[in-house]
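Q: Could you have a look at this structure, given as C-alpha cells, before my questions?
The values are calculated or read from the model by the stated rules, or taken from the named source; none is laboratory data. Since this is a predicted model, take the numbers as computed values, not measurements. Neighbour counts run over all protein chains shown; Cβ positions are idealised from the backbone, glycine included. Side chains included, ligands, DNA and RNA excluded: accessible areas come from the protein's heavy atoms. Shrake-Rupley method; radii C 1.70, N 1.55, O 1.52, S 1.80 Å.
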Amino acid sequence: MNRRRLFIYTDGACRGNPGEGGIGVVIKDDEGNIVKRISRYIGRTTNNQAEYTALLSALKSVKDYNPEYLKIHSDSELLVNQMGGIYSVKNVTIHKLYSKAKEMTDKYLSVEFEHIPREKNREADLLANNALDRRLKPH
C-alpha cells in the first residue's frame with residue numbers, strides 16, 4: 001500500500017444554512033484502498049463552513065501518513081475554486097478557515113483540488129449525513 005499519494009474526498013452537510021452540520025471524509029491510497037473514514041457532527045454552522053471543516057479534518061488526518069502528493073475531491077465548487085486561487089475569499093469566517101487550509105496544504109510537494117459532481121462524492125456525502133442523522137435522531 002503506497003501512501004506517498006493520497007486521494008481525499010470531502011463533504012460538509014448542513015440542515016438549514018446556517019443549521020446543524022456534519023462532515024464526511026474518505027481518504028484512499030493510490031491503489032484505491034480506503035485508508036481512513038471520518039464522520040463527525042460539528043454543531044451549528046453554514047454549509048461553506050462545513051465544507052472547509054471537512055477539508056481541515058482531512059488535512060489533519062493525512063499528516064500521520066506523511067504523503068508527498070494529495071488530490072482533494074470536493075463537490076463544493078466554492079471551496080475548490082477558492083483553494084485553487086480562482087475565486088477570492090471575501091467572508092471573514094471562511095477566510096480564517098481558508099488560511100488554515102492553505103497553510104496546511106503548503107507543506108506538501110503537490111496538492112491538487114478537483115471539483116466533482118455530488119454523485120461521485122457519495123461516500124463522503126453519506127458519512128456527513130450519517131453524522132447528522134446520529135446526532136439529530138430523536139431519543
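Q: Please list, by residue number, every one of the GluC sites (Glu not before Pro) in region 1-108 that is coil in DSSP and has at most 13 other beta-carbon atoms within 10 Å.
A: Passing both the DSSP loop test and the Cβ count: Glu31, Glu68.
Q: OK, next. Can you work out the accessible area per residue across the chain, with the rest of the protein chains kept in place, probe 1.4 Å, in square angstrom?
A: 55 Å²
Q: Report in % the part of the accessible area of region 1-82 that belongs to carbon and sulfur, leaving out ligands and nucleic acids; probe 1.4 Å.
A: Working: 1300 of 3450 Å².
Carbon with sulfur: 38 percent of the solvent-accessible area.
Q: With springs connecting C-alpha atoms under 10 Å apart, model the chain as a Gaussian network and identify which of Ser76, Ser39, Ser99 has the largest mean-square fluctuation.
A: Top of the fluctuation ranking is Ser99.
Q: Please identify the helices of the chain, taking whole runs of DSSP H, that span at least 18 Å along their own axis as judged from the Cα atoms and have a mean Kyte-Doolittle score of -0.5 or higher.
A: 47-62, 92-105
Q: Under 19 Å Cα to Cα from Lys71, which lysines show up? Leave out anything in the same chain fewer than 8 places away.
A: Lys28, Lys36, Lys60, Lys63, Lys100, Lys102, Lys107, Lys120
Q: Gaussian network model of the chain, Cα springs within a sub-10 Å range: biggest mean-square fluctuation belongs to which of Asp11, Asp106, Asp29?
A: Sorting by GNM fluctuation, first place goes to Asp106.
Q: Could you state the number of Å between the C-alpha centres of region 58-93 and region 113-128?
A: When both Cα centres are located, 14 Å separates them.
Q: Have a look at Leu109, Leu59, Leu127 and tell me which one the Gaussian network model of the chain (Cα, springs below 10 Å) gives the largest fluctuation.
A: Leu109
Q: Describe numerically, in nm with one decimal, the distance between label points set 7 Å from Cα along Cα→Cβ at Leu109 and at Lys60.
A: 2.7 nm
Q: For the chain, what's the relative contact order in percent, using C-alpha pairs closer than 8 Å and at least 6 residues apart? Write out the running numbers ahead of the final one.
A: Numbers: 299 pairs, mean separation 45.1, N = 139.
Over the chain, the number comes to 32 percent.
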